[in-house]
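Working notes for the structure below.
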Amino acid sequence: MKNKQTQKYANAYLAPLNYDRFFKKVFSDTQIAKRFIEDFLDIKIQKIQPYGNLEKRLTDDAKVVEFDYRCRVDGKDIIVDMQQWYKPDIIYRFYVYHSLNTALQLEDLPQKKILLKNSETKFKYVKSYETIVPVITIIWLVDDTLGNLTEDYLGYTILPEKARDFFLETKIWKHKNIKSKVNEIVKLITNKSKSLDFLQKNRLIFALQKNIVENPKLNRYSSWFSFAEKTKKETNSKSDFKDFMLDSTFKEIMRRLLRSDLSDKELDYINTEAENRAAIKRYDKGVIKENEKELKIKLKIAKKEKKQAEKYKKLAEEREKQAEEREKQAKKEKQQSDMKAEIVVLYYVKKISKNKISKIFKISLDDVNKMLK
């Protein structure tokens, strides 16, 4: 008999798709996963291979790496993974997962035979790295919008640094030869020498469920995230999913999530997971509140330091002004001293009259007499 005491989702029609256990339960079906990937990436899949939970022992420090779903699409490895609430390390975490899906291909690389130098009969066998395929990692973020972004998803790939610098260096947009600069960047990006374009075929994509649901666009992938959002409601009902019932894929998803058919273990999991999430949210709120408190203190200190800095700046400006005045006065006194010396020489040595000296230096007779006194 199923546990009737489960509090969370007790009256719900479907279990939450965004809970790990149910996400795996749904996307372990190859055809469901195939449809989602086709809709999200807007591609047609020729072949897909279910891996289930892929576990690989790498090193003593990183003993097990587990992926929710991994498949081959058009010669590319694709991992569908999900992050359900904010964690500071998600970028590092999924970059590692993304990179490992390239590294894990090493085990299956075929070998090629190479003739040894200066020999016609001896060969050596080396792994053929040319068979490594690009990796596309899709991270399904439920609530996180990566710094309040408004896009449906955010994709990253490897481009030449010059291309990045081109957009970051705003001065370049004023360059008179902007067209030639653009052509130069395009040439770099489209360079396929030695398979350089392989780097760009590897993609790390963050799908932002919250934004997709709120945006009015009707993309092929919108229905998936809208469906998931509806299952998040603890009181979701059959009527919430009437638009999905005519779609055979979603009909199968609903069958897998039907709460009335869940096992006791699955019902207990819902309650435990809901409590865990609530605890994490409380923790996050506490951290945010503590950070806000710390930020207020820092802002108060910063304002005080700014006020003090402005005071020192004003004092420095006043001292600089005084120094300029002293320098100006000293210069004036030196000029007068030099003029006095010249007037003395002109009057006593060269016997030039006071009237003539007055005209030469454009000063009054009284000033001439003061200089000679």
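The values are calculated or read from the model by the stated rules, or taken from the named source; none is laboratory data. Please read all numbers here as calculations on a predicted model, not as lab measurements. Quick reminder, even Gly has a Cβ in these numbers, built from the backbone with ideal geometry, and neighbours come from all protein chains shown.
Residue by residue through region 233-260, note down the ones that are closer than 12 Å to Tyr13 by Cβ and assigned to a loop (DSSP other than H, G, I, E, B).
Lys233, Glu234, Thr235, Asn236, Ser237, Met245
Search region 331-354 for residues that are aliphatic (A, V, I, L, M) and pair each with any residue that is not in a helix (DSSP H, G or I) when their beta-carbon atoms are under 7 Å apart and the residues are at least 6 apart or on different chains.
Pairs found: Leu346/Ile352.
When you go through (1) over 30 Å from Ala15 (Cβ atoms); (2) among the hydrophobic types (A, V, I, L, M, F, W, C); (3) touching a helix residue (DSSP H, G or I) at 6+ places or on another chain (Cβ under 6 Å) one by one for Leu204, which number turns out not to apply?
(1)
Please work out which residue is modelled with the highest pLDDT, limiting yourself to region 18-67 and to residues that are in a strand (DSSP E or B) and of a type outside the set (A, V, I, L, M, F, W, C).
Lys56
Hey, can you tell me all the residues within region 180-214 that are over 16 Å from Pro160 (Cβ atoms), of a type in the set (D, E, K, R) and either surrounded by 15 or more Cβ atoms within 10 Å (Cβ to Cβ) or in contact (Cβ under 8 Å) with a residue 60 or more places away in the chain (or both)?
Matches in region 180-214: Arg203, Lys210.
Assess whether Asp261 counts as being of a type outside the set (A, V, I, L, M, F, W, C) and either in contact with a Phe, Trp or Tyr (Cβ under 7 Å, 6 or more places away or on another chain) or surrounded by 12 or more Cβ atoms within 10 Å (Cβ to Cβ) (or both).
no
Out of region 220-233, which residues are of a type outside the set (A, V, I, L, M) and in contact with a helix residue (DSSP H, G or I) (Cβ under 8 Å, 6 or more places away or on another chain)?
Listed by number, the residues that qualify are Arg220, Tyr221, Ser222, Ser223, Trp224, Phe225, Ser226, Phe227, Glu229, Lys230, Thr231, Lys233.
Where in region 263-373 are there helices (runs of 4 or more DSSP H), lying wholly inside it, with at least 1 residues that are in contact with a Lys or Arg (Cβ under 8 Å, 6 or more places away or on another chain) and at pLDDT below 90?
Result: 264-344, 365-372.
Answer yes if at least one residue in region 215-223 is hydrophobic (A, V, I, L, M, F, W, C) and surrounded by 19 or more Cβ atoms within 10 Å (Cβ to Cβ), and no otherwise.
No, there is no match, as no residue in region 215-223 is hydrophobic (A, V, I, L, M, F, W, C) and surrounded by 19 or more Cβ atoms within 10 Å (Cβ to Cβ).
Residues that are within 30 Å of Pro216 (Cα to Cα), modelled with pLDDT of 85 or more and not acidic (Asp, Glu): find the strands (runs of 3 or more DSSP E) completely inside region 77-193 holding 3 or more of those.
Filter on region 77-193 gives 135-141, 153-156.
Are there any pairs with C-beta distances below 6 angstrom linking a residue in region 221-240 that is modelled with pLDDT of 95 or more to a residue that is assigned to a helix (DSSP H, G or I) and basic (Lys, Arg), with the two at least 6 apart or on different chains, and if so which?
Asn236/Lys230; Asp240/Lys230
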